[in-house]
């Protein structure tokens, strides 16, 4: 196991609602990245946090936002949910170092269903 | 054009077969390259990093050709447990941040 945990494991929401997903990074990892994986696709980069600051963002609208806390855990918030937001949301933590990309360890993911 | 493109698959091979996956990437500034493995309804797990000199880990061999922007993975003596989706992954963020860009994945099924 990677030591990266995510909660909840599954979630069902309706269109227009808001959701918060949580991630605890592996011990000692100060960088957390979030990915969205739609069914049958590879994960898509949402954004990355390094020492509580956003450190890069993919092509996702502003209704996708995040936070990183002093203990390096992180939240992903999605407002005004749309049906297409249904996906597996993955959190990955990286070894210390600004922008360190190598060896990103993934958590088990949160499966979000929007009805 | 997608940033990372993989063989569409799926691949269905018998145990003991050798199978090769190919991948191309569009961003010539990409810095790091990986193969990840993802089992059904699980998270991706790092299989191996890919280096220009090529690297081998047991039955798995990865190659990188920067000039052609091409990455490959060779699996020899396939096992039933190799059945999974294989994801070609590129760090397209350069040195500024670790943005992993994934291919769509290639499904491998190894049968008895």
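The values are calculated or read from the model by the stated rules, or taken from the named source; none is laboratory data. Bear in mind the structure is a predicted one, so any value in this text is a computation, not a measurement. So basically every Cβ, Gly included, is an ideal-geometry build from the backbone, and we count neighbours across all protein chains shown.
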Practice prompt. Using the structure shown, decide if residue A:15 is away from every other protein chain (no Cβ under 14 Å) and either in a loop (DSSP other than H, G, I, E, B) or at positive phi (or both).
Written response: yes
Worksheet item: Listed residues A:15, A:51; which is surrounded by fewer than 13 Cβ atoms within 10 Å (Cβ to Cβ), farther than 25 Å from residue B:5 by Cβ and in contact with a helix residue (DSSP H, G or I) (Cβ under 9 Å, 6 or more places away or on another chain)?
Response: A:15
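Considering only residues of segment A:31-45 that are in a strand (DSSP E or B) and within 10 Å of chain B (Cβ to nearest Cβ), which is surrounded by the most Cβ atoms within 10 Å (Cβ to Cβ)?
Ranking the candidates gives A:33 first.
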Worksheet entry | Residues being more than 8 Å from every other protein chain (Cβ to nearest Cβ) and part of a strand (DSSP E or B) - total across segment A:46-55 | 5
Worksheet item: Would a scan of segment B:58-67 turn up a residue that is free of Cβ contacts under 8 Å to residues at least 24 places away in the same chain and under 22 Å from residue A:91 (Cβ atoms)?
Response: no
Worksheet item: Got a sec? Which strands (runs of 3 or more DSSP E) wholly within segment B:27-74 have at least 3 residues that are in contact with a strand residue (DSSP E or B) (Cβ under 6 Å, 6 or more places away or on another chain) and farther than 28 Å from residue A:9 by Cα?
Response: B:60-65
Item to complete: Taking the options A:79, A:30, name whichever one is closer than 25 Å to residue B:45 by Cβ, more than 13 Å from the chain's Cα centre (by Cα) and touching a residue at least 24 places away in the same chain (Cβ under 8 Å).
Response: A:30
Discussion item. Going by what's in this entry, would residue A:54 be described as modelled with pLDDT under 95 and farther than 14 Å from residue A:87 by Cβ?
Written reply: yes
Practice prompt. Test each condition in (1) away from every other protein chain (no Cβ under 14 Å); (2) buried (at least 19 other Cβ atoms within 10 Å of the Cβ) for residue A:115 and report the one that comes out false.
Written response: (2)
